[in-house]
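One structure is given below, encoded as structure tokens.
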Amino acid sequence: MKPTDTAEIRQTGLKITRLGLGGAPLAGLFSGVSPEQATATIESHLDRGMNFMDTAPMYAHGLSELRMGRVLSKRNRDTFVLATKVGRLLEPDPKPDSGGLWNEIPPYRWVFDFSYDAAMRSLEESLKRLNLDRVDILHIHDPDNHYDEAMRGAYRALIKLRSEGVVKAIGAGMNQAEMLTRFAREGDFDCFLLAGRYTLIDHTGLKELLPVCVEKKISIIVGGPYNSGILATGAVEGATFNYIPAPPEIMEKVRRVEGVCARHHVPLNAAALQFPLAHPAIAAVIPGGRSPAEVEENLRLIEHPIPSDFWQELRTEKLIPDQAPTPG
């Protein structure tokens, strides 16, 4: 598979490259990224032929959108596909708290608001930060404890925006599969951003969400393919899983996967990037990138040849489910 191959989002006409770019690291997730480095990273991604990027107001309290906008507003608007999100409004705050996630944030705090009016306002404010006249995909962001409010409010706003042609596709972005399954069954969504729940070591989404999405032709974008770090670093001291220190059972599972990788001379992070893309529901995978070097590495990894025997051994060792499709 080539990273510049494309997949259509449902039947919207939107075609996104199989390798996208997640916008959280560009805003300094866990460690600082200079404005110049962020610009160079986005330009490298686009110049190498990928067209899809994902951002959100939550990412460093608007900084990710600002940094993407500085590059994208100077590009031909028809040459890229951009997703952002609603569900968190930014309010002025002279002393914002980053919660330890962000190295640098503008003077704003975010507040959850999944109402109709807030969704409309959120998109308007995102477009100002992006300096663009439109985004292509709009997600409801992390409505974990707000399902009813999101369906009564933000969902109705997204339906209206799609019907008017303001956006081409609507979805929800979450770190869980269960509520996305409910959205798939009860709403009319085009795509979902599933973060960390269909990866080389976490197959939660395979049980219900992915089959429902295949049935309803809902496209899945896989975020967090490295499970916040451990599938990039391996089971080393300090490795993170789901944004916290990896628990012992995860460390052991990754060590076993690394053993299979070593026997077949396959980089762990290459297997992590390629595994989700074999499922028919998956349109793209969007690892975060914080430098042109990381963009180049992701390109190499997604094209790295992996023998079929590797995937078969993972299956034999019960490290991936029997029903999980594998590349090739």
> Taking region 204-262, which residues are hydroxyl-bearing (S, T, Y) and in contact with a Ser or Thr (Cβ under 6 Å, 6 or more places away or on another chain)?
Replying inline: S228, T240, Y243
> Does E178 satisfy the condition of being of a type in the set (D, E, K, R) and in contact with a Gly (Cβ under 6 Å, 6 or more places away or on another chain)?
Replying inline: no
>> Return the residues of region 61-119 that are assigned to a loop (DSSP other than H, G, I, E, B), on the phi < 0 side of the Ramachandran plot, buried (at least 19 other Cβ atoms within 10 Å of the Cβ) and touching a residue at least 40 places away in the same chain (Cβ under 8 Å); say none if nothing qualifies.
In response: I105, F114
>> What are the pairs with Cβ atoms under 9 angstrom where one residue, in region 303-323, is more than 21 Å from D202 (Cβ to Cβ) and in a helix (DSSP H, G or I) and the other, located anywhere, is among the small types (G, A, S) and at pLDDT below 95? Sequence gap at least six, or different chains.
In response: S308/G328
>> Please count how many residues of region 270-298 are part of a helix (DSSP H, G or I) and surrounded by 19 or more Cβ atoms within 10 Å (Cβ to Cβ).
In response: 9
> Quick one: how many residues across region 33-57 are under 20 Å from L193 (Cβ atoms), of a type in the set (A, V, I, L, M) and part of a loop (DSSP other than H, G, I, E, B)?
Replying inline: 2
> Of all the residues that make up region 143-182, how many are under 13 Å from F114 (Cα atoms) and surrounded by fewer than 23 Cβ atoms within 10 Å (Cβ to Cβ)?
Replying inline: 9
> Does V135 satisfy being surrounded by fewer than 16 Cβ atoms within 10 Å (Cβ to Cβ) and hydrophobic (A, V, I, L, M, F, W, C)?
Replying inline: no
> What are the residue pairs meeting all of these: first residue in region 229-258, first residue under 14 Å from A271 (Cβ atoms), second residue aromatic (F, W, Y) and not in a helix (DSSP H, G or I), Cβ atoms under 6 Å, and 6 or more apart or on different chains?
Replying inline: I230/F241; A232/Y226
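Which one of E303, E294, E317 is within 18 Å of the chain's Cα centre (by Cα) and acidic (D, E)?
E294
Yes/no matrix, rows are residues, columns are (1) under 21 Å from M174 (Cβ atoms); (2) surrounded by 22 or more Cβ atoms within 10 Å (Cβ to Cβ); (3) in contact (Cβ under 8 Å) with a residue 60 or more places away in the chain; (4) among the aromatic types (F, W, Y):
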position	(1), (2), (3), (4)
G13	no, no, yes, no
G20	yes, yes, yes, no
A27	yes, yes, yes, no
I42	no, yes, no, no
G49	no, no, no, no
> If you take the residues in region 229-269 that are surrounded by fewer than 19 Cβ atoms within 10 Å (Cβ to Cβ) and of a type in the set (A, V, I, L, M), which one is nearest to the chain's Cα centre (by Cα)?
Replying inline: I244
> S34 is checked against (1) closer than 30 Å to V214 by Cβ; (2) over 16 Å from the mean Cα position of the chain (by Cα) and fails just one. What number does that condition carry?
Replying inline: (1)
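So that you can scan it fast, the table gives a plain yes or no per residue for (1) of a type outside the set (A, V, I, L, M, F, W, C); (2) more than 30 Å from L63 (Cα to Cα):
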{"position": "P267", "(1), (2)": "yes, yes"}
{"position": "F275", "(1), (2)": "no, yes"}
{"position": "A281", "(1), (2)": "no, yes"}
{"position": "I286", "(1), (2)": "no, no"}
{"position": "N298", "(1), (2)": "yes, no"}
{"position": "F310", "(1), (2)": "no, yes"}
{"position": "E313", "(1), (2)": "yes, yes"}
{"position": "K318", "(1), (2)": "yes, yes"}
{"position": "P325", "(1), (2)": "yes, yes"}
>> Would you confirm, using the coordinates I've provided, whether A235 is within 26 Å of T17 (Cβ to Cβ), in contact with a helix residue (DSSP H, G or I) (Cβ under 6 Å, 6 or more places away or on another chain) and of a type in the set (A, V, I, L, M)?
In response: no
> Within the bounds of region 254-263, is there any residue that is within 18 Å of G224 (Cβ to Cβ) and either modelled with pLDDT under 95 or part of a helix (DSSP H, G or I) (or both)?
Replying inline: yes
>> If I ask for residues that are under 11 Å from A272 (Cβ atoms) and hydrophobic (A, V, I, L, M, F, W, C), which ones from region 225-245 would you list?
In response: I230, L231, A232
>> Can you confirm whether D97 is under 21 Å from P25 (Cβ atoms), over 21 Å from the mean Cα position of the chain (by Cα) and acidic (D, E)?
In response: yes
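The values are calculated or read from the model by the stated rules, or taken from the named source; none is laboratory data. Everything numeric here is computed off the predicted structure, so don't read it as measured data. Cβ atoms come from the backbone with ideal geometry, glycine included; neighbour counts cover every protein chain shown.
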